[in-house]
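Undergrad: Got a structure for you, written out below as structure tokens; questions coming shortly.
The values are calculated or read from the model by the stated rules, or taken from the named source; none is laboratory data. No experiment lies behind these values; they were computed from the predicted model shown. Every residue, glycine among them, receives a Cβ derived from its backbone with ideal geometry; neighbour counts consider all protein chains shown.
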Amino acid sequence: MARSVLASIRGVPPDEIPARLCALCTELLPVTGASISLMAQAAARRLLCSSDEVARQLAEVQYTLGDGPGLHAFSIGAPVFAADLTKGEDARRWPVFALRALETGAEAVFAFPLGIGAIAAGTLDLYRDSPGTLSETETAAALLIADAATLGVLRLYAGRGETEYIEGNGDMDWLGGESDHDEVHQATGMVMIQCDVGAEEALLMLRARAFANGISLPALARDVVERRILFGGGDEG
């Protein structure tokens, strides 16, 4: 397993490593698809790669809801398995996410945090189109891939230059305009002013509206920033 992981990324440019590792997950593990996301906090995320449309949608659903195995794995710094989203404990633990996951075609999700020590960088999320768990050996392989993804992310970070992050606000400035964070952060501030609420409540209102309207959080944030949607005063457009 380790040799396969090393062979898949040896000599590969840093920006291509995430996609290589996503593809490797589907080759080495009994999973249907994979995605790798960078995160700095619940409202700051960038999807680096996804092996297919379902994996992309699963990452988007968790980001919009602010809930799911991936976000939980990121928050606790440990793998989180939802081996059967069709019924039982996993379905009860994340009822809304489970429903949306089933709608996309995923019936099991496994999330592995990316990080070294106290540094949390994001998650590797795997899914199956049928219920089922990972064996001890398969879990070990997924952890190896997550470690390789973490090193790949750090190489990307180093390539952007240290001061880009250190002189920023501590979030994901080093990702620049490619991050979803900027528009979501700006939209959150606008909702705070429009509705006279705090940041957490404003973000919750954005997530609730995105879920109710069946759109992603970044898409809604863009509408708010461009003033096509107003909170507390009706819609424009």
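Undergrad: Could you tell me how many of the residues in region 186-220 are surrounded by fewer than 20 Cβ atoms within 10 Å (Cβ to Cβ) and either among the polar types (S, T, N, Q) or over 20 Å from E60 (Cβ atoms) (or both)?
TA: 15
Undergrad: Answer yes or no as to whether V61 is assigned by TED's automatic domain parsing to the domain that holds I36 and farther than 25 Å from R209 by Cβ. Steps first, please.
TA: Values: assigned by TED's automatic domain parsing to the domain that holds I36: yes; farther than 25 Å from R209 by Cβ: no.
So V61 does not fit the description; no.
Undergrad: Tell me the residue from A40, A23, A106 that is within 19 Å of I215 (Cα to Cα) and either in the same structural domain as R155 (by TED's automatic domain parsing) or modelled with pLDDT of 95 or more (or both), please.
TA: Only one candidate passes the filter, namely A106.
Undergrad: Here's something else I'd like to know. For region 9-52, give me each residue that is without any contact (Cβ under 8 Å) to a residue 60 or more places away in the chain, over 21 Å from the mean Cα position of the chain (by Cα) and within 19 Å of L154 (Cα to Cα).
TA: Selection gives R10, G11, V12, P13.
Undergrad: Please report, ordered by residue number, the helices (runs of 4 or more DSSP H) entirely within region 12-124 with at least 2 residues that are surrounded by fewer than 21 Cβ atoms within 10 Å (Cβ to Cβ) and among the hydrophobic types (A, V, I, L, M, F, W, C).
TA: Where helices (runs of 4 or more DSSP H) fall fully within region 12-124 and carry at least 2 residues being surrounded by fewer than 21 Cβ atoms within 10 Å (Cβ to Cβ) and among the hydrophobic types (A, V, I, L, M, F, W, C), they are 17-28, 53-65, 95-104.
Undergrad: List the pairs whose first member sits in region 93-104 and is over 13 Å from Q62 (Cβ atoms), whose second member is not in a helix (DSSP H, G or I) and not basic (K, R), and whose Cβ atoms are under 7 Å apart, counting only residues at least 6 apart or on separate chains?
TA: Cβ pairs passing all conditions: L102/L85; L102/T86.
Undergrad: Given the condition touching an Asp or Glu at 6+ places or on another chain (Cβ under 9 Å), touching a residue at least 12 places away in the same chain (Cβ under 8 Å) and at positive phi, answer yes or no: does some residue in region 114-129 qualify?
TA: Looking only at region 114-129, we keep the residues that are touching an Asp or Glu at 6+ places or on another chain (Cβ under 9 Å), and these are 114, 116, 127-129.
Subset that is touching a residue at least 12 places away in the same chain (Cβ under 8 Å): 114, 116, 127-129.
Filter once more, so that each one left must be at positive phi: none.
No, there is no match, as no residue in region 114-129 is touching an Asp or Glu at 6+ places or on another chain (Cβ under 9 Å), touching a residue at least 12 places away in the same chain (Cβ under 8 Å) and at positive phi.
Undergrad: Name the residues in region 1-11 that are over 13 Å from L124 (Cβ atoms) and in a helix (DSSP H, G or I), would you?
TA: Correct list: A2, R3, S4, L6, A7, S8, I9.
Undergrad: Residues F231, F211: which one is outside the structural domain of A120 (by TED's automatic domain parsing) and modelled with pLDDT of 85 or more?
TA: On the way: F211 fails: modelled with pLDDT of 85 or more.
Checking each option against the conditions leaves just F231.
Undergrad: Going by what's in this entry, would L143 be described as part of a helix (DSSP H, G or I), modelled with pLDDT of 80 or more and not β-branched (V, I, T)?
TA: yes
Undergrad: If you don't mind, another one. Report yes if some residue within region 208-224 is over 23 Å from the mean Cα position of the chain (by Cα) and without any contact (Cβ under 8 Å) to a residue 12 or more places away in the chain; otherwise report no. Show your work before the answer.
TA: To start, the set of residues in region 208-224 that are over 23 Å from the mean Cα position of the chain (by Cα) comprises none.
No.
Undergrad: Scan A83, A101, A121 and give me the residue that is out of contact with any His (no Cβ under 7 Å at 6 or more places or on another chain), at pLDDT below 95 and closer than 28 Å to S8 by Cβ.
TA: Details: A83 fails: at pLDDT below 95; A101 fails: at pLDDT below 95.
Only one candidate qualifies: A121.
Undergrad: What's the number of the only condition in (1) within 21 Å of T133 (Cα to Cα); (2) in contact with a Phe, Trp or Tyr (Cβ under 7 Å, 6 or more places away or on another chain) that L24 fails to meet?
TA: Result: L24 passes all but (2).
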